[in-house]
Amino acid sequence: MARHTKAYLALIFICIIWGTTYLVIRVGVQHFPAFLFAAIRQVISAAVIMAIGYGMNRKLDFSKSNLLHQAIVGFLLITVGNGLVSWGERFVPSGAAALICSMMPLCTVIIGLVSSKNEKINLPIIIGMVLGICGIALIFKDNIADLANPSYLLGMLGIFCATTSWALGSVINKKRHNQVNPVFNAGLQLLFGGIFLFIASPAIDDYSAGLNFWQIDVIWPMIYLVSLGSIAAYTAYIYALKELPIGIVTLYAYINPLVAVILGYFILNEQLTWFTALAFLTVVAGVYSVNYGYRKQQKQKLETDFGDNDLSALPVIETDSK
């Protein structure tokens, strides 16, 4: 099989698997405390990914500065990001959660504009932000009756906070990218994030219903999320990034919410209306516009600084599955 064929198959795998994780998380947290569920998942995944990273490269960085950096990023991405998404999905449909999480690139741009003098806004970014706000409004419009439920409203706010935290963690991680065994460092982020989730769980989770981890609706989502959602999909993502242009690989960000919405409708009987479809299209258009504006801004900056050189390796804003 041709190398690029394998890479495209890996990309298809990512699009499907990371789109299903929202549904699987929702199933698991309906039967087990959300933060504790996420903690177990992330620590197990961390152990496997760190072992893979060590097998690939025996050179490790255990300096205080690197450990502190990975702990901070792990807290933002995993403890707050993944933890609050898992907790929020106790009250919010998986499709709506996926649509909210797909807004992460817009949050990233806003954080970049606030934190860096080099980041400047342009028309495509403005259009993308407006579309994103409209998409949020449509999500609320589609579930307006549920807003009277305090738990639903808190769940929505929790997922918004998680999306913002994921964006902030991504920005911090990008500014201090450690080239010494990045796979092992990714495992460290999961490990630190998982440990913080364990610490936060008694204060946030409700243990009154018991902790029956071995029931079928808890154990199979855990196995699925660890084996496919974390380890296999992450490996496929790294491979796809290596073999394909990053602009193609990040197409998964547009497909994940669609997969989550469709699966939520067919498997969990979640509501699917024209407002849901319109919210999806609006959010995807907003994310595309922001990505386009960001790339255009970076291209103009490089052309100013370096002239007409090869600009094919420009980065794009990415989203990630929770």
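Data table
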| quantity | calculated |
| --- | --- |
| Residue check for S63: modelled with pLDDT under 95 and of a type in the set (S, T, Y) | yes |
| Residue in region 37-49 that is under 30 Å from A137 (Cβ atoms) and out of contact with any strand residue (DSSP E or B) (no Cβ under 6 Å at 6 or more places or on another chain) present | yes |
| Residue under evaluation N185, criteria (1) crowded, with 19+ Cβ neighbours inside 10 Å; (2) modelled with pLDDT of 95 or more, criterion not met | (2) |
| Count of region 116-133 residues which are in contact (Cβ under 8 Å) with a residue 40 or more places away in the chain, within 16 Å of Q298 (Cα to Cα) and small (G, A, S) | 0 |
| Residues of region 266-308 classified as of a type in the set (S, T, Y) and either in a loop (DSSP other than H, G, I, E, B) or at pLDDT 90 or above (or both), total | 2 |
| Scope region 144-182; condition farther than 28 Å from S116 by Cα, surrounded by 14 or more Cβ atoms within 10 Å (Cβ to Cβ) and not acidic (D, E); matching residues | Y152, L153, L154, G155, M156 |
| Scan of region 235-276 for residues that are of a type in the set (A, V, I, L, M, F, W, C) and in contact with a Ser or Thr (Cβ under 7 Å, 6 or more places away or on another chain), ordered by number | A253, V259, A260, V261, L263, L268 |
| Condition check for L268: in contact with a helix residue (DSSP H, G or I) (Cβ under 7 Å, 6 or more places away or on another chain) and in contact (Cβ under 8 Å) with a residue 24 or more places away in the chain | yes |
| Given (1) within 25 Å of A51 (Cβ to Cβ); (2) surrounded by fewer than 21 Cβ atoms within 10 Å (Cβ to Cβ), index of the condition L244 fails | (1) |
| Subset of region 204-234 (residues that are more than 25 Å from the chain's Cα centre (by Cα) and of a type in the set (A, V, I, L, M)) | A209, L211, I216 |
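The values are calculated or read from the model by the stated rules, or taken from the named source; none is laboratory data. All of these numbers come straight from a predicted model, not from anything done at the bench. Please note: Cβ atoms are built from the backbone with ideal geometry, for glycine as well, and neighbour counts cover all protein chains shown.
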